[in-house]
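Beneath this line is the structure, given in structure tokens, with notes to follow.
Bear in mind that the values in this text are calculations on the coordinates, not laboratory data. Note that this is a predicted model, so its numbers are computed, not measured. Virtual Cβ from ideal backbone geometry, glycine too; neighbours counted across all protein chains shown.
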């Protein structure tokens, strides 16, 4: 399909989804408005009058952003899960799959339909809240960005639920036993700062806490979770930029070095671009977060050990025919863990960033230790030996145009990894095992960036 045909197909699917829930608006749009109005009356007026102010605002003003987000979450999820499963139950989804419409267009058609319903319900609930209290949006960008991303995320979750559901009862399991508890425990009706330290740290596991507080910050300028230290826009944007650069480069961080050791000299341009991207990043003053962890260091190790053992048990007993493959992967993981314990910042991308910072940073900046250079040299030597022993080493012919392209996408990878607090190697091998929430956002954003490039390349064919 060409671009115009794809656009028509996507428009048709989205238009069908909008007409579906608009045709039965008393069942889809009216109940959230009535339910939230009851919340406003009962919790906002009756209970709120006894509680008083919270964070310098009335209790009604405090709970309104959380209730809006709760309505957006539930309706985005329910719309996609019910619609997709109904199509599956009626066998009409088979007609779509057999048609020339690409699968990703079908996916986005259902997801965007859920986003439209979630946004429409959010607007209705916001309009209803104005009858009970006054709202003045503090940050338009944060407000719109948060509600859009939240609606998109839970629409995708609803699609996954609809794909795996085998009956109509399966559709209600996740909203009832997962979404509802997470939403009520996400700081909608209370401030996270009022909890004990243990429960505050436990609440950081709940992703809805960040969504509710980011939306509350956009409207009221108040947040229990410091936006500058959580998974925010900059990490997501950096991961997205890194994913785009890696997809066009046809290699991530470590695979760039491996391709270089195989004789692909164009990767020199990628590495230079990486350092250039980091230098460009130092010229911007961005409110970047930090990697915060959820548990103590000892608890992290034990939790990671238990999870690793469960994965190994599942791999060995669930895939006995691929025992050799899993053993090889396990040995690589063990060696990577030992290397991490010896030198936590061992990835080559971290070394490039530190060298760049030593060159352009303050005069008192300390250069990386000699052992980190030796680790990188050993890594490159191992890559070269592996390529030579597999007879995979040969000098690749290059075009003159390839060099500026790899330089540009390498710059994109360097800038994005700096914004996301690490490339894919640092995220997967360092940040994620430390249970950093920011790393989850970064990895998901990288995958989205790679997917976008692959879709665009597919459209060109």
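Here the relative contact order of the chain, from alpha carbon pairs under 8 Å that lie six or more residues apart, stands at 21 percent.
For 145, 110, 217, what ranking results if the residue with the fewest other Cβ atoms within 10 Å of its Cβ goes first?
145, 217, 110
With N set to the residue count of the chain, report its C-alpha Rg divided by 2.2 N^0.38 Å to two decimal places. Cα-based Rg divided by the globular estimate yields 1.10. In a fully extended conformation the segment linking residue 313 and residue 23 would gain 99.4 nm over its present Cα-Cα distance, using 0.36 nm per residue.
For the range 174-280, the equivalent ellipsoid derived from the alpha-carbon gyration tensor has semi-axes of 41, 16, 12 Å in decreasing order.
Treating each Cα of the range 3-225 as one equal point scatterer and applying the Debye formula with no solvent, the log10 of I(q)/I(0) at q = 0.07, 0.08, 0.10 Å⁻¹ comes out as -0.24, -0.31, -0.48. Counted over all Cα-Cα pairs of the range 51-174, pairs farther apart than 23 Å make up 41 percent. Legend: ranking of residues 37, 155, 83 from fewest to most surrounding C-beta atoms inside 10 Å; resulting order 37, 83, 155.
By the beta-carbon count within 10 Å of each Cβ, the least crowded to most crowded order of 259, 391, fewest first, is 391, 259.
If R0 is 25 Å, what FRET efficiency do you get for residue 389 and residue 250 from their C-beta distance, rounded to 0.05?
Numbers: r = 23 Å, r/R0 = 0.92.
Given R0 = 25 Å and the Cβ-Cβ separation, E is 0.60.
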